[in-house]
Amino acid sequence: MARIVVVSPPFQSHAQPLSVLAGALRRAGDAVHFACAPPFAALAREAGCAFVPLTVTRNANTGIAETTEQEHQEAARLREFLDATRAGPVPALLAQARHRGADLLADPEGILTAVRDLHASLRPDWYLVDQLSYPVTLALHVLGLPYATYCPGHPGYLPAGPDAYFGEPATWPRGIQPDPAARQQLRAAVRANDAAFTALFADFAARHAPHRPPPGRAFALTSPHAVVFCYPPLEELPVPPPGPHALYAGHCTDPAPPVLDRHWRGVLERLRRGADRVVLVAFGTFLSARDDVLRIVARGVRAHSPGTAVIVAAGDRTAALADLIGPQVCVAASVPQRALLSEMDAMVHHGGNNSFTECLAAGVPALVLPFCSDQFAIAHDAERAGAGVVLDPADLTEQAVGHAVSGLFTAPPAGLAHLTAGVRQRGPQWAAARLRAAMAPGGRRP
């Protein structure tokens, strides 16, 4: 039995799947502590793990970004980012590049002290760290403590070559191709971030652990032992970093999805009384604020996909969309997405990793509308692998949405059944077994 600490940033979309993997490690026989900000203690309890309070960034998202209690500066950056998504892909990515230092590397000194104290208290055998928790990875590197890396998004989040940069999509979907000048502007911004973060990492390591090997490129710093990708092993993915075992988990959802409660069972029964199909529309914990796009999607499906009802996850914008509510339209602040997916005929999502992999595991076709981050690369993979279709949310019409959703029913994506079968053979239990083997003393290649 190993003692393991699983570290997550305070973002629901990261902490939820990581807590599932923590639970799989616990069920395999290990003593597991889940370390995150205090509002996420319930996830540790659900996973059957002990909880350790550890806040690795001032930014936070406990389920709906706009209603999460956080400092004024973090709230202002969120508003700036959401405004940027209205201007298109490159402005959104440039806004994220500008915010990267404050969002991802706010207090490396404080995190080093916290990790050192945590280790002295718990004495774990090894750590499992979310890849975006950069100050934790840097602290573990400086302290020389063994850890595995969990990559929560597209595998391109880990730059695998000298011409790959964090914050620049590894690939783009066919219908979203920024012009060369915009791409050059983005490349300059992500290269500057790469250089700045790398210099900060080098200086920090030189001051705190001059005897340790230098960390190298900051965004490429990863476990020398194992990297768990919450992603299927698709063809033509970026080459993983050399050295560590690359474990493609396929998905990180519970083996038995949550059961719908009485309320949501009633909602489904009501919707299906007047519709042949039901579509879930959800843009994750940040982008539910794009109520303008949610409105176009809901209206487009109802007008141009006959016999289709809609469930919309609207976050803090439920009041703004209340006029859409009717016999075949449900608008709610949040939805039990994992439980609902097994009942859905299709989903419209933003290309987030969780939505993509959960749809694959459930065998649900998707219309993908990417806005930012790694969503463009994920949308490209969904399109190329035959798991769904992609439209540009910056140039969206009700008719295009309705026809795209209807197409998911009349001509289901060709690759979905094969992908679903492969993804279901993996998952958190699969990843936990191979991760334990890789991290055991004298760990073997899984």
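Since every read-out is calculated from the coordinates, none of them should be taken as a lab result. Bear in mind the structure is a predicted one, so any value in this text is a computation, not a measurement. Cβ sites come from the backbone with ideal geometry, for glycine too, and all protein chains shown count toward neighbours.
Side notes on the structure shown:
- Unique match (being over 25 Å from Tyr157 (Cα atoms), buried (at least 18 other Cβ atoms within 10 Å of the Cβ), hydrophobic (A, V, I, L, M, F, W, C) and free of Cβ contacts under 8 Å to residues at least 60 places away in the same chain) among Val310, Val293, Val301: Val310
- Looking across segment 155-176, the residues that are within 17 Å of Asp194 (Cβ to Cβ) and within 22 Å of the chain's Cα centre (by Cα) come down to Gly156, Tyr157, Leu158, Pro159, Ala160, Ala164, Tyr165, Phe166, Gly167, Glu168, Pro169, Ala170.
- Every residue from segment 322-374 that is farther than 19 Å from Pro257 by Cβ and of a type in the set (Gly, Ala, Ser): Ala322, Gly326, Ala333, Gly351, Ser373
- Test for Gln185: is it out of contact with any helix residue (DSSP H, G or I) (no Cβ under 6 Å at 6 or more places or on another chain), more than 24 Å from Ala432 (Cβ to Cβ) and not in a loop (DSSP other than H, G, I, E, B): yes
- Considered as a group, the residues in segment 273-290 that are of a type in the set (Gly, Ala, Ser) and surrounded by fewer than 22 Cβ atoms within 10 Å (Cβ to Cβ) include one that is farthest from Thr410 (Cα to Cα), and that residue is Gly274.
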